[in-house]
Amino acid sequence: MLGELGTASLAAGLACATLTALAWLRVALFGAPARPARLGAAATLAAAAVACALLETALLRHDFSVRFVAENGGRQVPVYYIVTSLWSALDGSLLLWLLVLAGYAALLARRRYPARLHAYAMVVVSAVTMLFFALSRFAANPFRGVDPVPVDGPGPNPLLQQHPAMGVHPPLLYAGYLGLVVPFALAVAAPLAGPEGRSWLRLARPWALSAWAALTAGIGLGAWWSYAVLGWGGYWAWDPVENASLLPWLTATAFLHTALGRAAGRAGWNTTLATASFILVLLGTFLTRSGAVASVHAFTDSPLGPMLLGLVLLAVVASTVATGRRTARPARRGAPVLSRPTAVLVNGVLLVTIAAVVLVGTIFPLLSTPLGGGRATVGPAYYQRTAVPLAVVVLLLAGVTPALRDRTRGPRRLVVPAGAALATVALVGSLSRPGLPALTAFGAAAFVLAGQAGQLVDRLRARRRVVGLAGVVAHVGIALVAVGVAGSSAYGRDTEGTIRTGESLWVAGVSVRLDGVERAAGDGGMTVRARLRLTEADGAERTVTPALRYHPARDATVTVPAIDTGPLRDTYVTLIAVAADSGSATVRLAVNPLVGLLWAGGALTTAGGLVAAVSAARARRRPSEPAGDRRPSEPAGDRRPAPVPAGDRRASSAAGDRPASSAAGDRRAPGVAGDDRPPGVAGDGRPSGVAGPGAAG
């Protein structure tokens with residue numbers, strides 16, 4: 001029964017999304033009333049929510065007549081992981097994807113935007129929603145039946161039953177990925193909307209900030225989860241699926257930095273960044289859900305590959321058309337070479353270059369197979385030699401760019417950061433030999449931290465609003481991430497060995513002594529734990545118990561590492577194997593310095609992005625739209641740019657930048673400016689201060 005209802009809800013969602021796209025097209029072309037289209041977006045969201053609720057009900061009721069439940073449910077699975085198993089496999093995860101996508105469509109439908117721009121953007125988002133509903137209904141339906149009906153299921157992948165992040169990490173990633181559909185839709189719609197389309201950049205910025213913050217949190221949480229669960233002691237392996245999340249983050253970071261700078265006048269560049277970000281989301285979806293790449297994070301082979309690749313190609317065509325129409329406009333006079341707008345533009349180009357380097361390494365194994373010679377592999381060394389040096393340059397730009405705001409005092413503002421960088425390099429180089437990449441990263445991070453400290457002092461002296469500190473917080477977070485990555489990479493040490501009871505293993509002044517091995521049955525499996533006495537260099541002792549957990553339903557064994565966290569370093573202990581006859585254990589012991597800075601930096605960066613997003617949304621609503629957007633939208637047939645009070649002629653200060661005043665003498669409403677700048681962008685083109693990895697700002 002639940003299976004039939006679920007399939008019906010998917011069919012209803014597909015019908016609603018299709019009708020909604022057509023209704024918005026009528027609004028755009030003929031000025032039809034928008035209310036039916038808005039109701040269609042709400043109905044599409046309701047259908048997605050019902051489908052998710054039905055599958056969750058089937059999982060919780062152990063309805064093994066539903067194939068997805070039979071393959072991923074289990075009576076011995078804890079309730080929390082039964083709930084999260086909705087997105088533990090391909091078909092169910094696509095339902096969560098649909099729910100988030102339909103939620104964004106419903107939110108966008110309620111906005112009070114210029115009528116034609118709004119309608120065309122909704123056509124794009126509704127069409128994307130329709131296509132994913134079609135994929136779920138016809139190619140990845142989780143409600144298909146199974147015969148004969150089993151009495152129990154194997155449960156989700158054992159790796160997905162070990163950490164509470166399973167309930168947060170995928171939804172955060174999806175919120176980040178799919179939030180980028182709105183800037184994509186606005187960018188594609190802008191050339192079709194005529195003069196109204198010139199306001200797309202201002203309207204896209206809060207959506208991009210929110211998506212960027214969610215994606216930052218999702219990537220950081222995923223790295224922490226990997227570190228805590230997989231047992232190899234690292235947090236980033238340059239895995240194809242990990243790279244798939246990094247790619248849109250890089251281009252979205254570039255987009256945020258150029259969206260309100262003088263580069264905002266470069267319409268084609270901004271359109272390219274906005275559309276490329278969502279295209280990379282779709283490409284990552286293809287890599288993750290087609291079985292095209294080998295990854296511990298990827299789903300198995302599925303029939304979705306060709307369809308997802310076709311969706312990527314459709315998005316590329318739409319982006320190419322939109323970019324071509326935008327770049328056909330006359331270019332504005334460029335900024336001086338030594339200026340903040342130029343630095344922001346260079347920063348964006350570097351971020352896109354990093355994305356291109358990572359993309360080549362990610363898809364090269366796919367391209368090498370048709371060329372003959374088997375499937376090639378691209379290891380971490382490739383990325384460390386290519387992407388990492390570029391990231392250090394971007395990090396340095398993050399320290400230089402703020403000083404360029406003031407052309408007269410700018411060079412003097414660089415003295416203290418440069419001194420801090422040189423002192424850091426000299427001190428670290430004299431005390432240890434971390435290697436040139438790590439030493440450069442330490443110096444660049446010190447440069448950024450000192451520069452942002454100066455920015456903080458200036459803002460506090462000027463008594464600027466707290467929200468203006470968002471950019472400072474985000475950039476400080478990125479600098480801390482750089483220190484954490486450089487420190488753990490340069491100074492991390494590990495060893496592996498087989499020890500008997502009473503014997504010890506040593507590395508970097510830390511030792512573990514095997515006190516015994518314990519076995520226990522429970523949770524539908526068997527757990528083997530090693531009791532180890534951990535001794536620090538200062539003589540402090542404690543007991544750690546890494547384990548191996550066997551799941552007979554999946555015939556899989558997973559590691560459960562023991563992590564002893566200190567203020568400056570983690571001690572990471574993994575049980576590799578246990579010999580039943582001799583009682584010996586094979587153990588991996590690792591010391592990972594400064595990893596805590598990585599998690600702290602990720603949290604600060606996310607916090608900065610969230611504050612910036614909230615500030616940008618409030619700044620847009622304040623003059624013309626009440627909180628909550630409760631007023632009815634303007635009539636769809638009115639295609640004139642919406643009048644905005646004079647007080648709304650400032651750019652948002654969401655990411656730590658000063659409000660930019662309107663161009664002198666320009667009293668026209670948003671979207672009517674004679675150039676391609678978004679409304680309210682000042683002639684000096686100050687950009688957002690929201691950070692990416694070492695992003696300028």
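All of the numbers you see were taken from the coordinates with simple rules; none came from a lab. Remember, predicted model here, so these are calculated numbers, not experimental data. Note that we place each Cβ from the backbone using ideal geometry, even for glycine, and neighbour counts take in every protein chain shown.
Here are some notes:
- Taking every C-alpha pair closer than 8 Å and separated by at least 6 residues, the mean separation divided by the residue count of the stretch 1-161 gives a relative contact order of 38 percent.
- When you count the other C-beta atoms within 10 angstrom of each residue and take the mean per peptide, 175-184, 220-229 line up highest first as 175-184, 220-229.
- Modelled FRET efficiency - R0 45 Å, Leu460 with Phe364, Cβ distances, 0.05 increments: 0.40
- Size of the stretch 1-161 as Cα extents on the principal axes (Å, biggest first): 56, 27, 20
- Largest first and in whole Å, the equivalent-ellipsoid semi-axes of the stretch 86-218 read 35, 18, 8, each the square root of five times a Cα gyration tensor eigenvalue.
- Percentage, to the nearest whole number, of Cα pairs in the stretch 443-546 over 18 Å apart: 68
- Cα pair count fraction exceeding 18 Å, expressed as % - the stretch 492-596: 46
- If R0 is taken as 22 Å, the Cβ-Cβ distance between Val316 and Ala134 corresponds to a FRET efficiency of 0.70.
- For Asp494 and Ala228, the FRET efficiency from 1/(1 + (r/R0)^6), where r spans their Cβ atoms and R0 equals 22 Å, is about 0.85.
- Distant alpha-carbon pairs in the stretch 481-521 (separation over 12 angstrom), percent: 68
- In this simple spin-label model, placing a label point 7 Å from the Cα along the Cα-to-Cβ direction at both Ala53 and Ala356 gives a separation of 4.9 nm.
- Relative counts (whole %) of C-alpha pair distances in the stretch 46-118, using bins that are 5 Å wide: 3, 16, 23, 19, 12, 8, 6, 5, 4, 3, 0
- The modelled label-to-label distance for the pair Val79/Leu568, using points 7 Å beyond Cα in the direction of Cβ, is 4.6 nm.
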